[in-house]
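The values are calculated or read from the model by the stated rules, or taken from the named source; none is laboratory data. Keep in mind the model is a prediction, meaning the values are calculated, not measured. Because the Cβ atoms are built from the backbone with ideal geometry, glycine has one as well, and the counts that use them run over all protein chains shown. Side chains included, ligands, DNA and RNA excluded: accessible areas come from the protein's heavy atoms. Shrake-Rupley method; radii C 1.70, N 1.55, O 1.52, S 1.80 Å.
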There are 2 protein chains.
Amino acid sequence: MKLLNGIDSPAALKDLTQQQLGHLAEEIREELIATVTRTGGHLASNLGVVELTLALHRVFRSPRDKIVWDVGHQCYVHKMLTGRRQQLATLRQYGGLSGYTCRDESEHDPFGAGHASTSVSAALGMATARDLASEHYHVVAVIGDGAITGGMALEALNHAGHLGSRLIVVLNHNGMSISPTVGALARILNKVRLDHRYHQAKEGGRWLIKSLPMGDNLWQVEQQFERALKGLVMPTMVWEEIGFTYVGPVDGHNIAEVEEALTQARDYPRGPTLVHVITTKGKGYSPAENDAVHFHGLSAKTAKAEAALTYSDVFARTVLKLSREDPKIVSITPAMPEGSCLNIVKHEFPDRFFDVGICEQHAITFAAGLAAQGFKPIVAIYSTFLQRAFDQVIHDVCLQDLPVIFAIDRAGIVGDDGKTHQGAFDISYLSMIPNLIVSAPKDENELQHLLYTAVRAEHPMAIRYPRCQVTGVEMDAALHEIPVGKGEIVREGKDIAIIAIGSMVMPALEAANELVSVGVDATVVNARFVKPLDTELILGVASRARQLITIEENSVIGGFGSMITALLRKEGMSNLPVRYLGIPDEFVEHGSQAIMRAKYKLDAKGIVWEILNIPGLVTV
Amino acid sequence: MKLLNGIDSPAALKDLTQQQLGHLAEEIREELIATVTRTGGHLASNLGVVELTLALHRVFRSPRDKIVWDVGHQCYVHKMLTGRRQQLATLRQYGGLSGYTCRDESEHDPFGAGHASTSVSAALGMATARDLASEHYHVVAVIGDGAITGGMALEALNHAGHLGSRLIVVLNHNGMSISPTVGALARILNKVRLDHRYHQAKEGGRWLIKSLPMGDNLWQVEQQFERALKGLVMPTMVWEEIGFTYVGPVDGHNIAEVEEALTQARDYPRGPTLVHVITTKGKGYSPAENDAVHFHGLSAKTAKAEAALTYSDVFARTVLKLSREDPKIVSITPAMPEGSCLNIVKHEFPDRFFDVGICEQHAITFAAGLAAQGFKPIVAIYSTFLQRAFDQVIHDVCLQDLPVIFAIDRAGIVGDDGKTHQGAFDISYLSMIPNLIVSAPKDENELQHLLYTAVRAEHPMAIRYPRCQVTGVEMDAALHEIPVGKGEIVREGKDIAIIAIGSMVMPALEAANELVSVGVDATVVNARFVKPLDTELILGVASRARQLITIEENSVIGGFGSMITALLRKEGMSNLPVRYLGIPDEFVEHGSQAIMRAKYKLDAKGIVWEILNIPGLVTV
């Protein structure tokens, strides 16, 4: 019988021997691999923390002690050990387990995540709450070496050192966040990874000092020297300087060693401690160990997804083409060279490609600095992560009207990743920013032309596109400019008008074709630009329609629909009834894009249904 | 004759002797003090960088070399030396000089600012552009010890160390950003400030090592020891570890010493360098030197402003009252204990008050952590700076529906600080976030009740209020809850309805009273809540009015007006004409609040004018 069957809660781990724990780790890996290669999800990051998770749950008492996982994509083992193993097969599916930590899901998830670099801030808040309430539990943040270089995590570490609260930060150091970690801090940390001699060096240094014939001053010097030597050979000193007690580094796949380090940290009487754990992403599954980037996040149907071209592919191919023609074009991505597909650009133009790490804020202002000196930076960023750089978009780019191009990938419903990753807001939060052009292509051919347009726009311009396969339209060989603020009518009809943006244009057209059978003849507009709107086109269409329907894969609050009604209102046409279709005022759960689009009536069938339900429109 | 009269550009500084420079610094201080105590503005920070600015302009050749001032509030001396001295008297006034750096204003301002921690990212972008274009100029970022702890600056330093670009970062270290700098990094830096013996220690350490009878291994050990000792006694090692060459620390008021350090950095052949300059905020003006916090930012009419109570005062007094009653209430501010007036809370409840430094992102998620453990955190933050934590508001607070209270100060038009500091967007960027309650009081009495309400709301709640004196209404002694989503009619009229939010309610009422004389009888609604809207009240009023006017001190795009029209549209009442008053789609220049509100018709007179200009409404 499987040992795992006996583990219904973390408490059940306490009595296991180290040998049993080793077996358990094997069983966990087997189940993880079997399940995640089927359901999709984050495989490599979870395989890397099997032993760490076991050790955490043996040394700490969850839910009394709070374990805060940064990002949360490495929490599958944690879920298996905290009563959610039976649901693992439902991972990331509609109604099933979330792929991240989630307060609603379990008392063992004290703080949810999805975006990187938040755990230390949250954990410090919890530790502060504990101290103010004179309670006694432990708070542990588990953060990767990629996420720890995010500015917010650095802010939190700085504050933790200042407050001196008891807080345990576990640095899960695998040298890869999603792609290999970049940055100077990574280099410091990697000194430890790469130099297996650190133990000897430490011991040797101590011996060296002890043998010095220095008399009375020896003791003081030795103390200094020991600290100093640690600083030279190991990155501990930086931690100790900012007020953390450093424990480690330890082999993250040796449960006993990890437990010992965690126990030391747990029992250390005061202040924050950092436990440095070295792990291997994808550990124990050779395909993942050898290619942790590919196995970072698996789609549910890997084989099919690999074969088909995505919007990201077309984006990157176009950037490559544009980069060949214009030496002023540079590409920037915050830690998404694979996700954005920009690796092909990196390969051909390594000097004009910048992966800045999980640092969205810096990515945008770095781009602004390049633009200020006449370059044309294209920042590839997911819609949900651009939220992290909202102020930089306003203050550094748009206020100065610098021509930075925001290539906003994963805009709209993202599917399995769920609430934290939806690109549900970008139209709303970008449309209110002066000087910014906001656009979305109806298909991949338009995407390439909009990119070409953006490079020539001489203003900041955002292009949002969905996470999905391309539509398969023919791609024009030659790129051309699309006049900024010009939409197009893709279908002429006499009854109603559907004004759609981006990914919703094709479903709207499909819906219009279906509506013919019930006697509704719809115009369909591809708006292309949310800002500036094609005033002439839209007012013309509006003047001929009985009813307007706007449709966007974005929140209906402050979104495309509200831009359209504001226009009608301003032009004295507010008596035309308008119906907004889009994402309602709620956080969108995880589930496949097809299911979620159907739920929100954001597919052809839903659009037909919505239109047929407009009172008085269809009289059958 | 003044030496300053001969300085029409930075080039004119090159031939001056050190003695003449000393005189020039005196003259600059005199002019600064005379001007800024009259115009208002940032005095102490500019007095602190007189010598540093002179040295920068002697060592570097602006505008060929790029000097990027972080925040930019310390750029007055820079402006005086770069052809803008004659306009200094127009500082921060409508049509006059900006109080910050501004690309539109001068070729000597290569990158504008206003918010903190952006300079290193921008400068790194420029340095990268220079290298890609094979050009040869210097890029210098000047950043304070407060701003450098902002996460974005840390991201940029990390990336700079990684890229190894030639870039000079000048750390202007005065131990105060606005308030004394907090955080563990500040403590490390202050070791240098506080320990005047660092020079001796460095020399002593070297001597000690050299005298060791260690034979062949000595040389290696010495090298290690020297580096290590620097790390112990000085903060250099942290910099050198992340790839910066460290120069300093130098006395920032000794021009020759600063010049020497800057020259060293300029002539260093490769990689980024950090020049550590120790300055005294308010230097040379004893009132400012003794109270740099007070003299950080002066209002144009200091005496009057001091006497009158502001919304910030009422906010802080209410928080104090609430804190006395409820031990779960904690206050958090990112570096604004004075601006937010929370110092009074800090004084009485030092354990429940947290100044986290210029770290807006961390402030919000730290609050979320506290809320997750049952506390009621109140985060006092300026509207413009909350943009920096947009993702944290969405991802860490609202997605988890944690009851964090956002006390949004300086919402609306802020006046003299101008474009970078306007609170023009918060209604728009907050209204689209699910779970968040968004409110604004019409006066200070309502502010206290809304705070009381927020503490009981059990959901995240934002309360925005303006930067200004209170209205002077009577303050209720007892606090009471205002039902969430309930507005009020403050004037009944039969012709039109003005639906106002927050700071615009009183001007709307005043306008309504004036409109009587031209025969327009207006209803005025105090909406109180942008979200949820008081549906019943608004629909009732709308059903009785011929025309609706919405008014908000916020962008009209995606703002309060669009929430109202969305409601009318949904309820089939979109045929009622609605006119939005608010901030148009542009960045609002600096100028007094009165002038700017008049410009945008956001005062009683402007509202009257707007209403009288609605076609067909008034038939006189």
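Output the relative contact order of segment A:322-480, whole-number percent, from Cα pairs under 8 angstrom with separation of 6+ residues. Show your work: numbers first, answer last.
Details: 296 pairs, mean separation 32.3, N = 159.
Once normalised by length, the contact order is 20 percent.
Annotation: amide H-H contacts under 5 Å for A:Val68 (H modelled 1.01 Å from N, sequence separation of 5 or more, or interchain): A:Val140, A:Ala141, A:Val142.
Shown are A:Ile278, A:Ile405, whose ranking by accessible area with a 1.4 Å probe and every protein chain present, most to least, is A:Ile278, A:Ile405. Let a ≥ b ≥ c be the square roots of the eigenvalues of the Cα gyration tensor of chain A; is it rounded (a/c under 1.5), or, if not, prolate (a/b larger than b/c) or oblate? Judged from the Cα gyration tensor, chain A comes out prolate (a/c at least 1.5, a/b above b/c). Think of chain A as having a plus end and a minus end, set by charges on the Cβ of Lys, Arg, Asp and Glu; of A:Ser503, A:Gly96, A:Val379, A:Gly96 sits farthest toward the positive end of this dipole. Mean separation of Cα pairs under 8 Å and 6 or more residues apart, divided by the residue count, gives segment B:429-587 a relative contact order of 23 percent. For the Cα atoms of chain A, what angle does the longest principal axis make with the long axis of helix A:255-267, in degrees from 0 to 90, nearest 10? Rounded to the nearest ten degrees, it is 90. Each copy carries a label point for A:Arg324 at 7 Å from Cα toward Cβ; from one copy, the others' points are 7.5 nm away, ordered from shortest.
Heavy-atom accessible surface of B:Lys599, to the nearest 10 Å², is about 90 Å², with a 1.4 Å probe and all protein chains retained. Kindly identify the protein assembly as shown as rounded, prolate or oblate by the Cα gyration tensor criterion: order the square roots of the eigenvalues as a ≥ b ≥ c, call it rounded if a/c is under 1.5, otherwise compare a/b with b/c, prolate if a/b is larger, else oblate. Note, shape of the protein assembly as shown comes out oblate.
Pull up the DSSP beta bridges for the protein assembly as shown and report the antiparallel fraction as a percent, rounded to 5. If you can, show how the numbers build up before the last one.
Details: 18 of 128 bridges.
Percentage antiparallel, nearest 5: 15.
Across chain B, the mean sequence separation of Cα contacts (distance under 8 Å, 6 or more residues apart), normalised by length, yields a relative contact order of 11 percent. Heavy-atom accessible area buried between chains B and A is around 9400 Å² (1.4 Å probe, both sides summed). Think of each Lys and Arg Cβ as +1 and each Asp and Glu Cβ as -1; about the Cα centre, that makes the dipole of chain A roughly 320 debye.
Which order do B:Arg467, B:Arg85 take when ranked by solvent-accessible area (1.4 Å probe, heavy atoms of all protein chains), largest first? Walk me through the numbers before you get to the answer.
Working: B:Arg467 75, B:Arg85 35 Å².
Ranking B:Arg467, B:Arg85 by accessible area, largest first, yields B:Arg467, B:Arg85.
Residues A:Met152, B:Met1, ordered by accessible area of protein heavy atoms at a 1.4 angstrom probe radius and largest first, appear as B:Met1, A:Met152.
Under 1.5 on a/c is rounded, so check that first for segment B:403-526, then, if it is not, pick prolate when a/b is larger than b/c and oblate when it is not; a ≥ b ≥ c are the square roots of the alpha carbon gyration tensor eigenvalues. Verdict is prolate for segment B:403-526. Taking Cα centre as origin and charging only the Cβ of basic (Lys, Arg, +1) and acidic (Asp, Glu, -1) residues, the dipole magnitude of segment B:265-372 rounds to 180 debye.
Rounded to the nearest 5, what is the percent of antiparallel bridges among the DSSP beta bridges in chain B?
Working: 9 of 64 bridges.
Around 15 percent antiparallel, to the nearest 5.
In segment B:541-559, burial by the other protein chains removes 50 Å² or more of accessible area from B:Ile557, compared with the chain on its own (1.4 Å probe, ligands and nucleic acids ignored). The mean count of C-beta atoms from other chains within 10 Å of the C-beta of residues in B:350-357, rounded to a whole number, is 3. For B:Glu26, inter-copy separations between label points set 7 Å beyond Cα along the Cβ vector come to 8.5 nm, shortest first.
Sorted from greatest to least, the principal axis extents spanned by the alpha carbons of segment B:519-620 come out as 41, 37, 20 Å.
When DSSP beta bridges are restricted to pairs lying wholly in segment B:487-615, around 15% turn out antiparallel. Per-residue mean of foreign Cβ neighbours for B:239-246 is 3 (Cβ atoms of other chains, 10 Å radius). A crude spin-label estimate for the pair B:Arg38 and B:Glu325, with each label 7 Å from Cα along the Cβ direction, gives 4.9 nm.
Counting, for every residue in A:415-427, the Cβ atoms of other protein chains within 10 Å of its Cβ and taking the mean gives 2.
Rolling a 1.4 Å probe over the protein heavy atoms leaves A:Glu27 with an accessible area of roughly 30 Å². Between copies, B:Gln86 shows label-point distances of 8.4 nm, shortest first, with the point placed 7 angstrom from Cα along Cα to C-beta. Leaving out ligands, DNA and RNA, what percent of the accessible area of chain A is carbon and sulfur, probe 1.4 Å? Carbon-and-sulfur percentage of accessible area, whole number: 51.
Keeping all protein chains in place, calculate the accessible area per residue for segment B:339-475 (probe 1.4 angstrom), answer in Å². Before the final figure, lay out each step's value.
Working: 2840 Å² over 137 residues.
Counting only protein heavy atoms, the per-residue value for segment B:339-475 is 21 Å².
My understanding is that a pair violates if its Cα-Cα distance is over 30 Å; which of A:Lys2/A:Lys283; A:Lys321/B:Lys66; B:Lys79/B:Lys601; A:Lys601/B:Lys531 do that in this structure? Kindly include the intermediate steps, with their values, before the conclusion.
On the way: A:Lys2/A:Lys283 21 Å; A:Lys321/B:Lys66 32 Å; B:Lys79/B:Lys601 32 Å; A:Lys601/B:Lys531 24 Å.
Too far apart for the 30 Å limit: A:Lys321/B:Lys66; B:Lys79/B:Lys601.
Computed over protein heavy atoms with a 1.4 Å probe, the accessible surface of segment B:37-189 works out to 23 Å² per residue. The distance linking segment A:153-169 with segment B:17-95 is 37 Å (Cα centroid to Cα centroid, whole angstrom). Axis angle, to the nearest 10 degrees, between helix A:505-515 and the longest C-alpha principal axis of chain A: 50 degrees.
Think of each Lys and Arg Cβ as +1 and each Asp and Glu Cβ as -1; about the Cα centre, that makes the dipole of segment A:521-620 roughly 180 debye.
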